[in-house]
């Protein structure tokens, strides 16, 4: 993560009890684990809250930056995007749904703020998304004015806190909690 770094790193068991940091798990090692999960998966679940405090969840394809900002494409009139217009607080999970039960689990939960991507963030989202999903460029070009697809826009999710499960690397039912600190200019 250029500019952004992990702080307040804690290891907790499934009960929430703090445990010792396993050897070899400094910030760089944890960062590698996070980006491995992001690279291996293309779908995320996005949790938002409605104006009446009702939970809502949506699934979307995502891309990400080295600054731990995630971008996804959605229609501004979708329920989750209408929720974001009222309250930008967002939770996101990323994991492989093909993990067999009983095998070492791996995934990440992300917490932060999400808003429509504008300016250079919209350009960055477009570039990263097209790189990750080569068919996107053709889809975008074929969207005709008036079609719902033509109205899709990018949303930018800025991670503030996260929780990682990587049982094979870190240990059975051990969660890594961390905050993401960004330089003032990147906020």
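Nothing in this text is a laboratory measurement; each read-out follows from the coordinates by a stated rule. Quick caveat: nothing in here was measured; it's all calculated off a predicted structure. Heads up, the Cβs are rebuilt from the backbone with ideal geometry, glycines too, and the neighbour counts pull from every protein chain shown.
Values as computed for the structure displayed
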| quantity | calculated |
| --- | --- |
| Choice from 15, 160, 32 with maximal GNM fluctuation in the chain (Cα, 10 Å cutoff) | 15 |
| Modelled FRET efficiency - R0 30 Å, residue 5 with residue 142, Cβ distances, 0.05 increments | 0.15 |
| Residue with peak Gaussian network fluctuation, the chain [Cα springs, cutoff 10 Å], from 149, 91, 107 | 149 |
| Ranked 163, 145, criterion: other C-beta atoms within 10 Å, fewest first | 145, 163 |
| Anisotropy class of segment 5-186 from Cα gyration tensor, a/c 1.5 cut | prolate |
| Mean separation of Cα contacts under 8 Å (6+ apart) over length of segment 80-174, as relative contact order % | 36 percent |
| Share of alpha-carbon pairs per 5 Å distance bin for segment 82-187, given as whole % | 2, 10, 13, 16, 18, 15, 13, 8, 3, 1, 0 |
| Max mean-square fluctuation residue, GNM over the chain, Cα-Cα springs under 10 Å, options 135, 173, 122 | 135 |
| Hydrodynamic radius by Kirkwood, which averages 1/r over all alpha carbon pairs of segment 101-144, in angstrom | 13.5 Å |
| Gap separating the Cα centres of segment 136-173 and segment 65-126, nearest whole Å | 5 Å |
| Least to most buried among 81, 114 (fewest other Cβ within 10 Å first) | 81, 114 |
| Average Cα contact separation per residue, segment 5-186, under 8 Å, 6 or more apart, as relative contact order % | 28 percent |
| Extension gain, residue 61 back to residue 113 (0.36 nm per residue minus Cα-Cα distance, nm) | 17.0 nm |
